[in-house]
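> Structure in structure tokens, see below.
The values are calculated or read from the model by the stated rules, or taken from the named source; none is laboratory data. Since we're looking at a predicted model, the values are computed, not measured. Every residue, glycine among them, receives a Cβ derived from its backbone with ideal geometry; neighbour counts consider all protein chains shown.
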Amino acid sequence: MKTILVTGGSGFIGSHTCLALLDFGYNLVVLDSYINSSVIALKRVIGLSKTQKQSAQNTLHEVRGDIRDYKLLSKVFVEAIKNNAPIEAVIHFAGLKSVEESVREPLLYWNVNVEGSRNLFRVMDENNCRTIVFSSSATIYASSTDNLLTEASELKPCNPYGKTKLAVEELLRDLFENSENNWRIANLRYFNPVGAHSSGEIGESPLEKPNNLFPYICQVAIGSRKQLQIYGSDWPTPDGTGIRDYIHVMDLAEAHSAALEYLFSKQSKLLNLNIGTGKGTSVLELVKTFEKVNGCKVPYVFSARRLGDVSKTVANNQLSIRTLAWEPSRSLSDICRDGWRWQMLNPFGYSERTH
Ligand SMILES: NC(=O)c1ccc[n+]([C@@H]2O[C@H](COP(=O)([O-])OP(=O)(O)OC[C@H]3O[C@@H](n4cnc5c(N)ncnc54)[C@H](O)[C@@H]3O)[C@@H](O)[C@H]2O)c1
């Protein structure tokens, strides 16, 4: 049974992926600073895994810490070797993800996302672990045209967050091309991960005002926010609102175990893969689907376009489907139903606020 280090594993995508990895049969070491997550998430992951598998064979060991801490990271790798469970691969989620904040705090974003990743890769190299799945993002592409984005589309991020993601991809390419040793690397370029596990036990729990549309819709539907603000009603799209590629977070989670399996079957590899559904959904379509599936109302108002937004971002996902023998299987209705179940069962996310 292989041991995998998951950085940022208690966050939104990380917690769902930990569940998928445990169910796949991996042992996990999860390193997280909890700067944007709760300790409750992984407790629920362990509970769910036991329920789903009727056994507690796979282990999840948590370490509180920062990816920029060289000593701590080295200790994690050395202890795993001492325990006869060397870390054989890393799934690297840890980082900061707000586009808005990255514009205000570029130094912080380059420090955490790029310096932190460099530190991690250094420790991996020193401990002969050179297999990694990295959380990249569709934000590294140049503003989209009407076409679906392929992995060969132009790369030109327009904000510091996207630039840090591209910088990490470039660093990984340098390692792959120039190192004497074989690296196995998968850069997964996520489109818009949304929804929650179907149990409603784990989901997205923004600590502050949500940056993304879907948690915002959920919070308006449950009444903790008055109305949804839709930025722009005059985009060149059929209903005038922006189009995105929404992928169920469990489909995304399963792409990680598929990527790991693929890398383990190779001697050396560098993969860049779009992880999306290939289907575009407008903001209004998402709101209408959410209302219909869940029988609730999501009041909204239109406001001006936001600087830096684009009309359409949709993946061509054919390469990941061909390469990974993986395919998104959950629909937009599933996304809306599961996301709403999570919100209903956890009106304040993982926090225990009662007002
Ligand atoms: N959610 C999205 O829409 C989206 C889209 C594309 C890419 N991504 C990327 O996927 C990854 C996971 O995203 P998410 O939505 O789960 O975010 P998240 O904030 O929920 O999870 C990130 C986790 O990393 C931890 N973390 C942050 N800085 C750390 C540090 N210095 N050391 C250790 N842990 C640290 C946080 O506490 C959190 O648990 C991120 O790298 C993000 O940039 C997310």
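> What number goes with the only condition from (1) small (Gly, Ala, Ser); (2) in contact with an Asp or Glu (Cβ under 9 Å, 6 or more places away or on another chain); (3) loosely packed, with under 14 Cβ neighbours inside 10 Å that ALA315 does not pass?
Failed condition: (3).
> What single numbered condition from (1) crowded, with 18+ Cβ neighbours inside 10 Å; (2) in a loop (DSSP other than H, G, I, E, B) fails to hold for SER320?
So SER320 meets the others, but not (2).
> Continuing with this model, one more query. Looking at (1) in a loop (DSSP other than H, G, I, E, B); (2) under 19 Å from HIS256 (Cβ atoms), which is the only condition LEU28 fails?
(1)
> So which of LEU108, LEU28, LEU96, LEU72 ends up being within 16 Å of the ligand (Cβ to nearest atom), over 19 Å from SER135 (Cβ atoms) and at pLDDT 95 or above?
Values: LEU108 fails: over 19 Å from SER135 (Cβ atoms); LEU28 fails: over 19 Å from SER135 (Cβ atoms); LEU96 fails: over 19 Å from SER135 (Cβ atoms).
So the residue among LEU108, LEU28, LEU96, LEU72 that is within 16 Å of the ligand (Cβ to nearest atom), over 19 Å from SER135 (Cβ atoms) and at pLDDT 95 or above is LEU72.
> Continuing with this model, one more query. So which residues in the stretch 237-248 are outside any loop (DSSP other than H, G, I, E, B) and not aliphatic (A, V, I, L, M)?
Across the stretch 237-248, the qualifying residues are ARG244, TYR246, HIS248.
> Have a look at ASP234, ASP251 and point out the one that is surrounded by fewer than 22 Cβ atoms within 10 Å (Cβ to Cβ) and either part of a strand (DSSP E or B) or among the acidic types (Asp, Glu) (or both). Give the steps one after another, and end with the answer.
Working: ASP251 fails: surrounded by fewer than 22 Cβ atoms within 10 Å (Cβ to Cβ).
Among ASP234, ASP251, only ASP234 is surrounded by fewer than 22 Cβ atoms within 10 Å (Cβ to Cβ) and either part of a strand (DSSP E or B) or among the acidic types (Asp, Glu) (or both).
> Using the structure shown, decide if GLU177 is under 21 Å from the mean Cα position of the chain (by Cα) and either surrounded by fewer than 18 Cβ atoms within 10 Å (Cβ to Cβ) or part of a helix (DSSP H, G or I) (or both).
Values: under 21 Å from the mean Cα position of the chain (by Cα): no; either surrounded by fewer than 18 Cβ atoms within 10 Å (Cβ to Cβ) or part of a helix (DSSP H, G or I) (or both): yes.
When the stated conditions are applied, GLU177 does not pass them.
> While we're on this one: Report, ordered by the first and then the second residue, all pairs with beta carbons closer than 9 Å, sequence separation of six or more or different chains, a first member in the stretch 200-214 that is more than 13 Å from ARG341 (Cα to Cα) and free of Cβ contacts under 8 Å to residues at least 40 places away in the same chain, and a second member that is crowded, with 20+ Cβ neighbours inside 10 Å and of a type in the set (Val, Ile, Thr).
ASN212/VAL194
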